[in-house]
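Asker: My questions will all concern the structure given below.
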Amino acid sequence: MKVLVIGGGGREHAIAWKLTQSARVSQVFVAPGNGGTARDASLKTLPQLTTPEQWADFAEQEKISLTVVGPEAPLAAGVVDLFRARGLRIFGPTKAAAQLESSKAFAKAFMARHHIPTARYDTFTDADEAHAYVAEQGAPIVIKADGLAAGKGVIVAMTLDEAHAAIDDILRDNTLGVAHNADGARVVIEQFLEGEEASFIVVSDGVHVQALATSQDHKRLQDGDVGPNTGGMGAYSPAPVVTPNVHARVMHEIILPTIAGMAQDGMPFTGFLYAGLMIDAEGHPRTIEFNARLGDPETQPILMRLKSDLFELLYAATEGKLDQHEPQWDRRAALGVVMAAHGYPMAPRKGDAITGLPADADDAMVFHAGTALNGDGQLVTSGGRVLCVTALGESVRVAQQRAYETLASIQFDGAQHRRDIGHRAIARK
C-alpha cells in the first residue's frame, strides 16, 4: 500500500520513517517534506505539493491507501473534510473537531461544559478589559492566544508587566504571528497551575482509544527551564510523573470524557488527541491544552519506542476498529534533543550549512525539521527548529548520554540546544 504523510517538520519525518517499517507499506510519500526526507532513499519527497487540493489530487492519482496529517494548520483548514468528501482515506480530525487545538476559547468552553478538569479562565477580545482582569487577578498568570501560533502562543507571565505585554502582543500588535480565528483576535487568560507537565497522547477512531507512550516536553529555550517559550527544545519518553495511578485518572477524567463529549456535541474526534497536562504534588491531573495532532518533539522519542506497526494502528482507526490494535512499546527510554537555528524562536536565521550528520543507527536517529537542500545539494537550515537528535537507552540518563554523543559531531553556525533535556526524570530517579 502507498501512504502519504502531510507536513514538513520533525514530527512528519519521524512518522514517515516509522511507516516505512510496515510490511504492508510499499511506498511513503511526504509532502512537502524537508531536506532530511529528501535525502532518505526510503521516502519520496514532494516539495511542490503544498495545498489541500494538491494533496487530494495526488492521493487520487497515485491511489494512496492512507494519508496521515502531521501539522495543525492543514487540520484547522479542513483537509480531512476535503479528503473524505472525495472518498479518500485519511487519518486526522475534521475541521470542527480540530477546534480543540485551533481555538483555545472553544477548548476551554468544551472542558467547562463536559466537566473536564482544567484551570479557571476568562476570555477577552478587548485589550483594556483583559488588562483590568489581569490587574485584578495578579501574577503569575497564563496568557494564551486564541489561534494557531506554532507553539509560541502561550505566555506564562511571572509578573504583571509580562502579562500586560503579552496581552498587547496578542490583541494589539500580533508580534507572535498568531493565525487569529474568523471572529478576530482573542485572548484566553488562565489561572497559573503548580505542578509538573506531561504530554499524554492517544489515538482515537471516534469511539475507541489507544494511549501512546507518555512523554515530557521542554518548552523553554534555555537550560533550567528559563528563557522564552518555544515549540519545544527536546522531549523524552516515558514520563515518570505519569504513574499508573495518574495514567488511570487521565484516561477516566480527561481522555474518555473528551472523546465522548466530542461525539455528543456532533463532532466525533478521530486522529491523535494530545492532552497537555499539569500534574500536582498529589497526582491530580488537569488539562493545560489540547492539540489535535502528535506533539513535536514528543513524536520522535515516542515513535523510537513503538515496536508495533504504526500503519496497522492508524489504518484500524480509520475503520473504527482501534479496539483490536493495542500498541506495543520498547521497555527502553528514548530522549530527543532539538538543535535550533540562530535567532530562534523570534527570528530564526536560514541558509546556514549543516555538516557532521552521523549515520542512522538502531539506537540513534537524527530527525530533520527545519532543513532544506540548496541549489548545490548542500543541506542548510530553513526554519527555527532544525534537527531532533533522538536516542534509546536503558534509562533516561543513558538515552540522554547517547543523544548528546550523537549530537556532538553536528555543526551549523549559530546552533542552539539545551544541555539538560531529561533533567526532571533523572532528578526523580
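The values are calculated or read from the model by the stated rules, or taken from the named source; none is laboratory data. This structure is a prediction, so every number in the text was calculated from the model and none was measured. Note: ideal-geometry Cβ built from the backbone for every residue, glycine included; neighbour counts use all protein chains shown. Side chains are part of the model used for accessible areas, which takes the heavy atoms of the whole protein and leaves out ligands, DNA and RNA. Shrake-Rupley method; radii C 1.70, N 1.55, O 1.52, S 1.80 Å.
Asker: Looking at the square roots a ≥ b ≥ c of the eigenvalues of the Cα gyration tensor of the stretch 69-212, which shape do they give, rounded for a/c under 1.5, prolate if a/b is larger than b/c, or oblate?
Answerer: Working: a/c = 2.38, a/b = 1.66, b/c = 1.43.
Verdict is prolate for the stretch 69-212.
Asker: Just tell me which lysines come within less than 18 Å, Cα to Cα, of Lys144; anything on the same chain fewer than 8 places away is out.
Answerer: Within the straight-line cut-off, Lys144 pairs with Lys104, Lys108, Lys152, Lys219.
Asker: Determine which residues of the stretch 75-89 fall in the zone a paramagnetic label at Arg24 would reach in this model, i.e. backbone nitrogen under 17 Å from the point 7 Å along Cα→Cβ.
Answerer: So the set is 88-89.
Asker: Under a 10 Å cutoff between Cα atoms, tell me which one of Leu407, Leu256, Leu335 has the largest fluctuation in the Gaussian network model of the chain.
Answerer: Highest fluctuation among the options: Leu256.
Asker: Additional query: Counting only helical runs of four or more DSSP H residues, what would the 222 nm mean residue ellipticity of the chain come to if each run contributes -39,500 (n - 2.57) and the total is spread over all its residues?
Answerer: Details: 15 runs with 122 residues, N = 429.
After summing the helix terms and dividing by the residues of the chain, the value is -7500 deg cm²/dmol.
Asker: What does the accessible area per residue of the stretch 186-241 come to in Å², with a 1.4 Å probe and no ligands, DNA or RNA counted?
Answerer: On the way: 1550 Å² over 56 residues.
Per-residue accessible area for the stretch 186-241 comes out at 28 Å².
Asker: Taking a temperature of 10 °C and a viscosity of 1.306 mPa s, what whole-number D in µm²/s does Stokes-Einstein yield for the stretch 273-429 with Rh from Kirkwood over alpha carbon pairs?
Answerer: Working: Rh = 17.5 Å.
D, rounded to a whole number, is 91 µm²/s.
Asker: Sorted from largest to smallest, which semi-axis lengths in Å does the alpha carbon gyration tensor of the stretch 313-381 give for its equivalent ellipsoid, taking the root of 5 times each eigenvalue?
Answerer: Numbers: eigenvalues 236, 57, 39 Å².
Equivalent-ellipsoid dimensions as semi-axes: 34, 17, 14 Å.
Asker: To continue, here is another question. Where does the charge balance sit around Ser308 when Lys and Arg score +1, Asp and Glu -1, over other residues with C-beta under 12 Å from its C-beta?
Answerer: Details: positive: Lys18, Arg305, Lys307; negative: Asp309, Glu312, Glu326, Asp330.
Cβ neighbours under 12 Å give a net charge of -1.
Asker: Using the heavy atoms of the protein chains alone and a 1.4 angstrom probe, what is the accessible area of the stretch 1-151 per residue in square angstrom? Numbers along the way, then the final one.
Answerer: Details: 5670 Å² over 151 residues.
Result: 38 Å² of accessible area for each residue.
Asker: Lys18: which aspartates and glutamates have alpha carbons under 19 Å from its alpha carbon, excluding same-chain residues fewer than 8 sequence positions away?
Answerer: Candidates past the 8-residue exclusion: Asp40, Asp296, Glu298, Asp309, Glu312, Glu326, Asp330, Asp360, Asp362, Asp363.
Asker: Something else now. Give, rounded to the nearest 20 debye, the magnitude of the charge dipole that the chain has about its Cα centre when Lys and Arg contribute +1 at Cβ and Asp and Glu contribute -1 at Cβ.
Answerer: Working: 39 positive and 51 negative charges, 210 e Å.
The dipole magnitude comes to about 1000 debye.
Asker: How much net charge surrounds Leu357 when only the other residues with a Cβ under 15 Å from the Cβ of Leu357 are counted, with Lys and Arg +1 and Asp and Glu -1? Walk me through the numbers on the way to the answer.
Answerer: On the way: positive: Arg39; negative: Asp40, Asp352, Asp360, Glu405.
Once all neighbours under 15 Å are counted, the net charge is -3.
Asker: Also: Which of Val209, Val187, Val134 moves the most in a Gaussian network model of the chain with Cα springs under 10 Å?
Answerer: Maximum fluctuation in the GNM of the chain, among the listed residues, is at Val134.
Asker: Please report the carbon-and-sulfur percent of the accessible area for the chain; probe 1.4 Å, protein heavy atoms only, DNA, RNA and ligands left out.
Answerer: Working: 8090 of 16610 Å².
Its accessible area is 49 percent carbon and sulfur atoms.
Asker: Per 0.36 nm of contour for each residue apart, how much would the distance between Asn374 and Ala135 grow if the chain were fully extended, relative to their Cα-Cα spacing?
Answerer: Numbers: separation 239, 0.36 × 239 = 86.04 nm, distance 4.99 nm.
Computed gain between Asn374 and Ala135 is 81.0 nm.
Asker: Evaluate Rg over Rh across the stretch 1-93, taking Cα atoms for both radii and Kirkwood's formula for Rh. Don't jump to the answer; show the numbers that get you there.
Answerer: Values: Rg = 11.8 Å, Rh = 12.8 Å.
That ratio is 0.92, to two decimals.
Asker: Using a 1.4 Å probe, what is the accessible area per residue for the stretch 321-429, in Å²? If you can, show how the numbers build up before the last one.
Answerer: On the way: 5140 Å² over 109 residues.
For the stretch 321-429, the solvent-accessible area averages 47 Å² per residue.
Asker: With a cut-off of 8 Å between alpha carbons and a minimum separation of six or more residues, what is the relative contact order of the chain in percent? Write out the running numbers ahead of the final one.
Answerer: On the way: 1032 pairs, mean separation 69.2, N = 429.
Over the chain, the number comes to 16 percent.
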